[in-house]
Amino acid sequence: MFDGAGQGLKLIVSQIEDKRRRNQFLSYEEAYKLGCTVRSTYYKTSKIEPLGRVVIHRSGPFMREEIAGFKAAFEGIGDLNLFEITGSCDFNAFKFGSTGACLGYPLLRGTIVKRSNNSAYVWIDGSIRERDIIDGRNYRNSGRGMGHPLKVTKYYGESNLNDAVSELMM
C-alpha cells in the first residue's frame, strides 16, 4: 500500500480464514475485511489528505464476490479501481521500419496495444530512444531477449487504461 504521494509502503498480511479453499479468490467478507483494513491503515499512517482514490492491482482476475466486497469496504470513496496485471502472456510484437522490414528489437517502452475497452498489452521493458543515451540509438536496459508485454485488464472502476498504464510506468 502506498499513499497518494507514492510513499509510505505498508505491507498488510493476514491469514486466510477458510483453509480448505482450493483457489486464491476472496469471499465477499474477506474482500470487505481486507478493504476495511487497507482503509484504516491508510488513515492511521497517512497525513497527506483524505482517501479519495484506491487502485488495487493483482496477478489474477477479480470475481464478483470480491468486487462487491471491495465496493462495500470503500463505499464513499469516489474512485475505486481493480486491475489484473499478468506478466506472462503468449503475445509479443516487434518494431518494423519504414520499409516494412522487421528491425529485430522490441517496441518502445510504454507502447500500448489495446485488446478491448478493458484490456491492453503494455511494454514496460522495451527499447527507449533518448538522445542522451548512446547517440539516440535504441537502448534496452537488460540487453538480452525481446521483452514481453504485461497484460493489463480492468475489472472495475472509472480509470481508463491509459491512466493505469501511466501509473504502471511510474
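Among the listed residues ARG39, ARG22, which satisfies the condition of being more than 17 Å from the chain's Cα centre (by Cα), among the charged types (D, E, K, R) and closer than 26 Å to MET169 by Cα?
ARG39
Output the residue which, of all residues in segment 79-99 that are surrounded by fewer than 13 Cβ atoms within 10 Å (Cβ to Cβ) and more than 26 Å from ARG64 (Cα to Cα), is modelled with the highest pLDDT.
THR99
Within segment 69-78, track down each residue that is part of a helix (DSSP H, G or I) and surrounded by 15 or more Cβ atoms within 10 Å (Cβ to Cβ).
Scanning segment 69-78 gives GLY69, PHE70, LYS71, ALA73.
Out of (1) open to solvent by less than 60 Å² (accessible area, probe 1.4 Å); (2) among the basic types (Lys, Arg); (3) modelled with pLDDT under 80, the odd one out for LYS154 is which?
Every condition holds for LYS154 apart from (3).
Yes or no, residue by residue, for (1) modelled with pLDDT under 75; (2) more than 27 Å from VAL55 (Cα to Cα):
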position	(1), (2)
TYR105	yes, yes
ARG115	no, no
GLY126	yes, no
GLU130	yes, yes
MET146	yes, yes
GLU158	no, no
MET170	yes, no
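Return only the number of the condition from (1) under 29 Å from ALA120 (Cβ atoms); (2) in contact with a Lys or Arg (Cβ under 6 Å, 6 or more places away or on another chain) that TYR42 does not satisfy.
Among (1) under 29 Å from ALA120 (Cβ atoms); (2) in contact with a Lys or Arg (Cβ under 6 Å, 6 or more places away or on another chain), TYR42 violates only (2).
Here is a list of conditions, (1) more than 24 Å from ASN160 (Cβ to Cβ); (2) open to solvent by less than 60 Å² (accessible area, probe 1.4 Å); (3) touching a Phe, Trp or Tyr at 6+ places or on another chain (Cβ under 8 Å); (4) modelled with pLDDT of 80 or more, and PRO61 meets all of them except one; can you say which number that is?
So PRO61 meets the others, but not (1).
Just give me the residues in segment 25-54 being modelled with pLDDT of 90 or more and either touching a strand residue (DSSP E or B) at 6+ places or on another chain (Cβ under 6 Å) or open to solvent by 70 Å² or more (accessible area, probe 1.4 Å) (or both), in sequence order.
Listed by number, the residues that qualify are TYR28, GLU29, TYR32, LYS33.
The values are calculated or read from the model by the stated rules, or taken from the named source; none is laboratory data. Everything numeric in this text was worked out from a predicted model, so none of it was measured. Cβ atoms come from the backbone with ideal geometry, glycine included; neighbour counts cover every protein chain shown. Only protein heavy atoms, including side chains, enter the accessible area calculation; ligands, DNA and RNA are left aside. Shrake-Rupley method; radii C 1.70, N 1.55, O 1.52, S 1.80 Å.
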